[in-house]
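As C-alpha cells, the structure follows; a few thoughts come after it.
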Amino acid sequence: MIEDNKSVSDMMGMFFKKEKWNVTFAYDGLKAVEIFKTDPGQWDIVLLDLNLPGKDGMEVAAELRRMSQSIPLIMLTARDSESDQVLGLEMGADEYITKPFSPITLIARIKALHRRVAMNKEEAEKGGQDEKFDVRTTHLKISTTTREVYLDNNLISDLTPKEFDLLKTLAQKPMQVFSREQLLQMVWDYEYYGDERTVDAHIKKLRQKLEAVGPQVVQTVWGVGYKFDDSKIDED
C-alpha cells in the first residue's frame, strides 16, 4: 500500500491484519518504486494513492506497469473528476477508488480483483500446452495459459490484467453486444453502482493497443455497449 497519510495506512493496516494479509507500506513515491523493483513478482496487489511526495502517483503507476504488466493495481485518490479517473485507468490501474472510502468496500474490491486473477491462473494451469489458444476467432487468438494475445499473428504483449480479461470476455462471444453494466459484473466481478467510466477508460486503452498491431476489433454499439467483431476485416 502506497499512501502518504499514515492515519489512512494505520486504519487499513488493522483491516488487513483482520484478513490475515501480509502488507508492506510505503509513504512516498520514490520509496514505493524502490521497494517494488526489488522483486516485482512477490506482490499480489498494489494499492496506490495519487497525491504522493517524492514522485506523483501517476508517475509511480507508469513505473510499476513498466516493471510488471500483470500486477493488479488499485488507485486511491481524492481526485474525483472524470478526467483524473480516466487518466488513472489509462496509466494502468485496474480500479479507481475515490476518497473518502469505506474500508469494508476497499477490502471487497481487493478480494474481487484478487479472485479474478486467481481464477485466470487456475484456468491457465488446467489449460495445458496442447490447447494453448482457448479463444480463437478469424483474426484473434487468446491463450489463458500464457496470457498471450495475437491479432493477425502479431503479439500484443502489454495488456494489463483487466484489459486481457475484457478482451477475452468480448472475444469469447463474437458479435454479442455487452452493456457496460454486464462488463462491470463479468470482468470486474463487483457491482460498481453505475460507474460506467471504468469500462469506457479500459476500452479506450485496449483499442489503442489493438490498433498498434492490427485492425480494430472492438466495436461500439451506440446506446448499448460494446462487441467484438472481426468478420468484416477481410472486406476492408
Report every pair of residues separated by at least 6 positions or lying on different chains whose Cβ atoms are under 9 Å apart, first residue within the range 184-195 and in a loop (DSSP other than H, G, I, E, B) and modelled with pLDDT under 85, second of a type in the set (Val, Ile, Thr) and surrounded by 17 or more Cβ atoms within 10 Å (Cβ to Cβ). 188/198; 188/199; 192/198; 192/199
Across (1) open to solvent by 60 Å² or more (accessible area, probe 1.4 Å); (2) more than 20 Å from residue 106 (Cα to Cα); (3) more than 21 Å from the chain's Cα centre (by Cα), residue 41 clears everything bar (3)
Give the residue that is surrounded by the most Cβ atoms within 10 Å (Cβ to Cβ), with candidates limited to residues of the range 102-119 that are more than 16 Å from residue 18 (Cα to Cα) and out of contact with any Asp or Glu (no Cβ under 7 Å at 6 or more places or on another chain). 117
List pairs: first in the range 102-115 and within 16 Å of residue 71 (Cβ to Cβ), second open to solvent by 80 Å² or more (accessible area, probe 1.4 Å), Cβ under 8 Å, 6+ apart or cross-chain? 114/44
Counting only residues in the range 213-232 that are touching a residue at least 24 places away in the same chain (Cβ under 8 Å) and assigned to a loop (DSSP other than H, G, I, E, B), the one surrounded by the fewest Cβ atoms within 10 Å (Cβ to Cβ) is identified as 224
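The values are calculated or read from the model by the stated rules, or taken from the named source; none is laboratory data. All values derive from a computational prediction rather than experimental measurement. Heads up, the Cβs are rebuilt from the backbone with ideal geometry, glycines too, and the neighbour counts pull from every protein chain shown. Note: areas computed on protein heavy atoms with side chains; ligands, DNA, RNA excluded. Shrake-Rupley method; radii C 1.70, N 1.55, O 1.52, S 1.80 Å.
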